[in-house]
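Enquirer: The structure is given below, and queries will be raised subsequently.
The values are calculated or read from the model by the stated rules, or taken from the named source; none is laboratory data. Just so it is clear, the structure is predicted and the values come from calculations on it, not from any experiment. Cβ coordinates were reconstructed from backbone atoms using ideal geometry, including for glycine residues, and neighbour counts include every protein chain displayed.
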Amino acid sequence: MSLPIPLIGSVVLGLTNFLALVVLGLSAYTLNAVVDSIGVYFTYSALGVATAVLHLIYVTATVIVDRLRVGAFTSKLSVQVGFLSFLSIMWLATGAETAATTVIFIGCNEGVCGATRAIAAFGFFNWAILLGYVILLIALGVRAGQAGHNVWMTDVKEIQWVQEPVSYEKGDVNSPNPTVATTYPPNSGVPILTSQPQQYDGNVHV
C-alpha cells in the first residue's frame, strides 16, 4: 500500500497553520484583556503568541518556497522532522501551561475563560497532529533506509512509502556487504614455490 505522503503533509500543515492563526488571535485577546484588568499577563498568553508566530513563519515559508522550488532546504525530510518536532514540543508546552492556568481562574468573565480553554484544546490538538506526522516521516525514512535508499536529505514530496530495494552488482563497493576480489600482481621475477614434491635421488648437489 502506498500512502499519499504529499497530500497528508499538505493537510497537516494547512490544518495546523489555520489553528495556529486562531490561537494567535485568542492569545492576543486574553493577553490584552488580562493586562487591562489586573495590569499583568499570564505566561500561557505570551507562550501561545510565541508558539503561533513561530509555527506560522516556518509553515508559511515552507509552503511558499516549496511551490516556487523543488528540493528546497525547508522541504527536506530531515529538516521537516527537526522543525516539526520542535514545534510539537512548543504546542505541548502551550497546551499544558494553559490547562494548568485554567485551574486558578475563579469568577473570570466568560470571554477570557472560554478563550483560555480553546487555547489549551488547540495546543494539545496541534501537538497530537504534528507528533503523528513526525512519526510518519521518521518511519518513512527508516523504511527507505532498509531498502537501501538514503532519503533524509530528499524532498518529502519525492519520497515513496513503498521503496524498491536497491540491487548491487557483485563486488560493488556501495553494497552494504561488498565482495572485494583479491588481485595479485603478475610474476615480477620473484621465485614461486610450488607444492609439488620432488623425489630425492640421494646425491648432494652443490
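Enquirer: Return the only residue of 40, 53, 35 being of a type in the set (Val, Ile, Thr), assigned to a helix (DSSP H, G or I) and touching a helix residue (DSSP H, G or I) at 6+ places or on another chain (Cβ under 8 Å). Give the steps one after another, and end with the answer.
Expert: Details: 40 fails: assigned to a helix (DSSP H, G or I); 35 fails: touching a helix residue (DSSP H, G or I) at 6+ places or on another chain (Cβ under 8 Å).
Step by step, each of 40, 53, 35 is checked, and only 53 is of a type in the set (Val, Ile, Thr), assigned to a helix (DSSP H, G or I) and touching a helix residue (DSSP H, G or I) at 6+ places or on another chain (Cβ under 8 Å).
Enquirer: Here is a further query. Would you pick out the residues in the range 120-179 that are part of a loop (DSSP other than H, G, I, E, B) and at pLDDT 90 or above? Break it down into steps so the answer makes sense when it comes.
Expert: Applying the first criterion (part of a loop (DSSP other than H, G, I, E, B)) to the range 120-179 yields 147-154, 159-179.
Across the range 120-179, there are no qualifying residues.
Enquirer: Answer yes or no: is there a residue in the range 103-121 that is in contact (Cβ under 8 Å) with a residue 12 or more places away in the chain, polar (S, T, N, Q), surrounded by 14 or more Cβ atoms within 10 Å (Cβ to Cβ) and within 14 Å of residue 31 (Cα to Cα).
Expert: The answer is yes, given that some residue of the range 103-121 is in contact (Cβ under 8 Å) with a residue 12 or more places away in the chain, polar (S, T, N, Q), surrounded by 14 or more Cβ atoms within 10 Å (Cβ to Cβ) and within 14 Å of residue 31 (Cα to Cα).
Enquirer: Tally up the residues in the range 65-111 that are assigned to a helix (DSSP H, G or I) and either of a type in the set (Gly, Ala, Ser) or modelled with pLDDT under 90 (or both), please.
Expert: Going through the range 65-111, the residues assigned to a helix (DSSP H, G or I) turn out to be 65-68, 73-75, 77-102, 110-111.
Those left that are additionally either of a type in the set (Gly, Ala, Ser) or modelled with pLDDT under 90 (or both): 65-68, 73-75, 77-78, 82, 85, 88, 93, 95-96, 99-102, 110-111.
The number of residues fulfilling the criteria is 21.
Enquirer: Of the residues that make up the range 31-54, is at least one closer than 30 Å to residue 155 by Cβ and touching a Gly at 6+ places or on another chain (Cβ under 8 Å)? Full working, then the answer.
Expert: Of the residues in the range 31-54, the ones closer than 30 Å to residue 155 by Cβ are 50-54.
Then keep just the ones that are touching a Gly at 6+ places or on another chain (Cβ under 8 Å); that gives 51.
So far as the range 31-54 goes, yes, one or more of its residues are closer than 30 Å to residue 155 by Cβ and touching a Gly at 6+ places or on another chain (Cβ under 8 Å).
Enquirer: All but one of (1) of a type outside the set (A, V, I, L, M, F, W, C); (2) at pLDDT below 90; (3) buried (at least 20 other Cβ atoms within 10 Å of the Cβ) hold for residue 16; state the number of the condition that does not hold.
Expert: So the condition that residue 16 fails would be (2).
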